[in-house]
Amino acid sequence: MTLTPTTPAALVDRTAAYIRQKFLHEGSGHDWEHIRRVWQVARGLAQHTPGADLLITELGALLHDVADWKFHGGDEEAGPRAARQWLQSQQAPEEVILRVEAIIREISFKGLGVATPMSSVEGELVQDADRLDAIGAIGVARAFAYGGHKDRPLHDPTVSPVEHATFESYKQNTAPTINHFYEKLLHLRERLNTPAARRVAEERHAFMEQFVAQFLREWEGQDLAQS
Ligand code: ADP
Ligand code: NI
C-alpha cells in the first residue's frame, strides 16, 4: 500500500486513532481520556484565538505526551523524536513536524521559579489545556493515580508538604503525593497563558485548595472533634 500525502483533517484523524490505541490502557493519569480532553480544550481555545493554526494546535495536543520524559529515563528528546517518527510516517510536511516538536519540547512544567515560555501561540494553547487538566477534581484524581503508579504514599504527616515541595522531589518522585499540590498543582493557575484558561482555572483552583485543606484536616482527625 502506498501512502498518499494526507489532508490536515485526515492527519488529525489518523493521529487521534494512533494515540488512542497507544494510550487506551494507561494507568498513571496520562491515558487517552487525558489526551482527548487536552485536544478538545486546546481546539476550543484555538477557535477563540486569532492567528492560531488549528492543525498545529491539534497535533501538538494529540502528541504532547507521546513519550513523556518522566517515563523515558529523563530523556527530554524522547517526545519530540517519537512525534517526528509518527508524523514522518504520515508524510507530514517538515514545517509542521518542527512546530509540533517545539510544542512537545517546551510544554512541561520544570519547577517553581522556572519559566516555561512557549515559542508559539499554538504551544501556549496546548500548554494551557494540559495544565487545566492537572487541576480541579480531575487534577486531584490524576495526581493520586500517578502517585499510586509510582508507589508513593498519599501523605507523610511527619514531613510538611509545604516545606518538602521541591522540584527535585518532584522529578525523582520521592515525595508523598500531597506534596505535589504544593510543588506544582496549586501554582498552575498563575502560569496560564490565555485569559480564557485563567477564567476556567478559578473554580478548579478553589476546589483543589478546599480538597487539600479537608484532606489534611481529616488526616489529623480535626473534623472528628466537632461531632
Ligand atoms: P507536565 O507536562 O506538566 O508534566 P502532564 O500532562 O505530563 O504534565 O501530566 C502531569 C500529570 O501527572 C499531572 O496531572 C500530575 O498530577 C501528575 N504528576 C506528575 N508528577 C507527579 C508527582 N510527582 N506526584 C503526583 N502526580 C504527579
Ligand atoms: Ni499531558
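Filtering the stretch 143-163 to residues that are crowded, with 21+ Cβ neighbours inside 10 Å and within 13 Å of ligand 2 (Cβ to nearest atom) leaves only A143.
Given R81, R43, R20, R37, which one is within 30 Å of V162 (Cβ to Cβ), basic (K, R) and either away from ligand 1 (no atom under 16 Å from the Cβ) or assigned to a helix (DSSP H, G or I) (or both)?
Criteria check complete, one pass: R37.
Candidates in the stretch 88-113 are the residues that are in contact with a Ser or Thr (Cβ under 7 Å, 6 or more places away or on another chain), within 16 Å of ligand 2 (Cβ to nearest atom) and charged (D, E, K, R); of these, the one that is nearest to H64 (Cα to Cα) is E106. Could you tell me whether the stretch 131-149 includes any residue that is in contact with a His (Cβ under 8 Å, 6 or more places away or on another chain) and aliphatic (A, V, I, L, M)? Yes, the conditions are met somewhere in the stretch 131-149. Before we move on, is A10 more than 14 Å from H64 (Cβ to Cβ), at pLDDT 95 or above, out of contact with any His (no Cβ under 9 Å at 6 or more places or on another chain) and not assigned by TED's automatic domain parsing to the domain that holds F144? Yes; evaluated as a whole, the condition is true for this residue. Do the conditions hold for E95, that is, is it part of a helix (DSSP H, G or I) and surrounded by 14 or more Cβ atoms within 10 Å (Cβ to Cβ)? When the stated conditions are applied, E95 does not pass them.
The values are calculated or read from the model by the stated rules, or taken from the named source; none is laboratory data. Source: prediction; values computed, not measured. No Cβ is skipped: glycine too gets one built from the backbone with ideal geometry, and neighbour counts run over all protein chains shown.
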